[in-house]
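Novice: Below is one structure. I have some questions about it.
The values are calculated or read from the model by the stated rules, or taken from the named source; none is laboratory data. Computed from a predicted structure; not experimentally measured. Cβ coordinates were reconstructed from backbone atoms using ideal geometry, including for glycine residues, and neighbour counts include every protein chain displayed. Side chains are part of the model used for accessible areas, which takes the heavy atoms of the whole protein and leaves out ligands, DNA and RNA. Shrake-Rupley method; radii C 1.70, N 1.55, O 1.52, S 1.80 Å.
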Amino acid sequence: MMKIYLCLLTLHDNVFFATREMGILFETEKYLHNWALSYALFKGIVIPHPYRLQGDLAQKPDYLDESREQNLIHLNQAKIYVFPAKPIIWSYQINTFKAAQVSYYGKSEQFEAPNYPKNYGRAKELAVGSQYHTYLIASDTVTIPQWIRLGKWSAKVHVQAFLIPDTAIKSLSGDYICDHPLNPIDLSPDTQLILYNRIVMPPVSLITQAQLQGNYWQLSGDDWKALKSSIPHLPNQVNLPQGVMYGAKQLITA
């Protein structure tokens with residue numbers, strides 16, 4: 001039986017990702033991408049963390065490239081998988097930022113109105129106090145850090161991990177609905193995706209409210225209810241697809 005953890009995330013700093021860029025407004029999606037969470041939780045523990053990257057290596061993502069040192073394939077080998085995080089309570093804060101103007105980089109440019117330089121923007125950030133929950137699957141017990149750094153500002157996030165009792169986990173097969181967000185790239189080729197809502201965000205769009213067919217875990221029963229009683233806003237029953245791994249469909253077809 002795989003170990004399944006429930007993770008509760010609380011933001012202690014504003015979290016910012018440039019999910020959408022609309023003029024001078026940079027907006028953060030309310031969901032947390034599982035690839036970003038995976039690096040935050042296991043970088044330097046399971047995923048190697050080189051001291052410094054230079055040149056082209058520092059500018060290119062290496063999520064599923066086995067030839068690169070920092071890749072998510074390390075977690076596949078360790079049989080660990082982190083699902084995207086779903087918001088429980090969230091709010092936004094909009095902050096204005098301005099890039100420095102230096103003579104060797106470029107001259108100051110302004111809009112038609114005076115005193116408004118071009119090199120400024122507004123970041124719509126997830127605010128302090130926002131809470132999320134997600135699930136982590138492992139073949140054995142793992143140590144999950146209590147504090148992580150997340151987003152472009154390396155925001156501080158508190159992590160509470162709860163091991164779900166085996167008696168609360170059922171292995172089933174057939175048609176089911178998963179209310180929790182999923183990464184379609186990570187779904188097993190044996191899992192058929194029928195209907196879903198798309199969440200557009202880089203580097204890979206997520207899906208939610210998905211109807212699927214295949215093998216899945218169902219979290220339910222008295223032990224699940226006992227865990228749910230201490231954590232607000234959790235659903236009465238959760239269905240999660242089996243066979244998930246980073247880049248599952250790409251790796252199988254490669």
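Novice: Please enumerate the residues belonging to the range 1-25 that are under 15 Å from V200 (Cβ atoms) and either touching a strand residue (DSSP E or B) at 6+ places or on another chain (Cβ under 9 Å) or of a type in the set (S, T, N, Q) (or both). I'd like the intermediate steps shown before the answer.
Specialist: So in the range 1-25, the residues under 15 Å from V200 (Cβ atoms) come out as 17-22.
Result: F17, A18, T19, R20, E21.
Novice: Here's something else I'd like to know. Consider K225 carefully, then state whether it is surrounded by fewer than 19 Cβ atoms within 10 Å (Cβ to Cβ) and either assigned to a helix (DSSP H, G or I) or more than 21 Å from the chain's Cα centre (by Cα) (or both).
Specialist: On the way: surrounded by fewer than 19 Cβ atoms within 10 Å (Cβ to Cβ): yes; either assigned to a helix (DSSP H, G or I) or more than 21 Å from the chain's Cα centre (by Cα) (or both): yes.
Yes, satisfied.
Novice: If I ask for residues that are in contact with a Phe, Trp or Tyr (Cβ under 7 Å, 6 or more places away or on another chain) and either at positive phi or at pLDDT below 90 (or both), which ones from the range 62-98 would you list?
Specialist: Y63, L64, N71, T96, F97, K98
Novice: Based on what the data block shows, is K30 modelled with pLDDT of 80 or more, assigned to a loop (DSSP other than H, G, I, E, B) and open to solvent by 40 Å² or more (accessible area, probe 1.4 Å)? Talk me through it step by step, then tell me what you get.
Specialist: Working: modelled with pLDDT of 80 or more: yes; assigned to a loop (DSSP other than H, G, I, E, B): yes; open to solvent by 40 Å² or more (accessible area, probe 1.4 Å): yes.
Criteria met by K30.
Novice: Restricting the search to the range 228-247, which residues are touching a residue at least 40 places away in the same chain (Cβ under 8 Å) and outside any loop (DSSP other than H, G, I, E, B)?
Specialist: V238, N239, L240, P241
Novice: When the residues of the range 134-186 are filtered to those that are polar (S, T, N, Q) and not in a strand (DSSP E or B), which remaining residue is least open to solvent (accessible area, probe 1.4 Å)? Don't jump to the end; show me each part of the working.
Specialist: Start the filter on the range 134-186 by keeping residues that are polar (S, T, N, Q), which leaves 134, 139, 141, 143, 146, 154, 160, 167, 171, 173, 183.
Next, from what is left, pick out any that are not in a strand (DSSP E or B): 139, 141, 143, 146, 154, 167, 183.
On the way: S139: 56, T141: 88, T143: 119, Q146: 121, S154: 61, T167: 105, N183: 2 Å².
So the residue we want is N183.
Novice: Suppose we filter K170, K249, K228 for residues that are at pLDDT 90 or above and of a type in the set (K, R); which single one remains? First the steps, then the outcome.
Specialist: Numbers: K249 fails: at pLDDT 90 or above; K228 fails: at pLDDT 90 or above.
So the residue among K170, K249, K228 that is at pLDDT 90 or above and of a type in the set (K, R) is K170.
Novice: Now a separate question. So N115 clears everything in (1) farther than 19 Å from S38 by Cα; (2) open to solvent by 80 Å² or more (accessible area, probe 1.4 Å); (3) at pLDDT 60 or above except one condition, right? Which one?
Specialist: (3)
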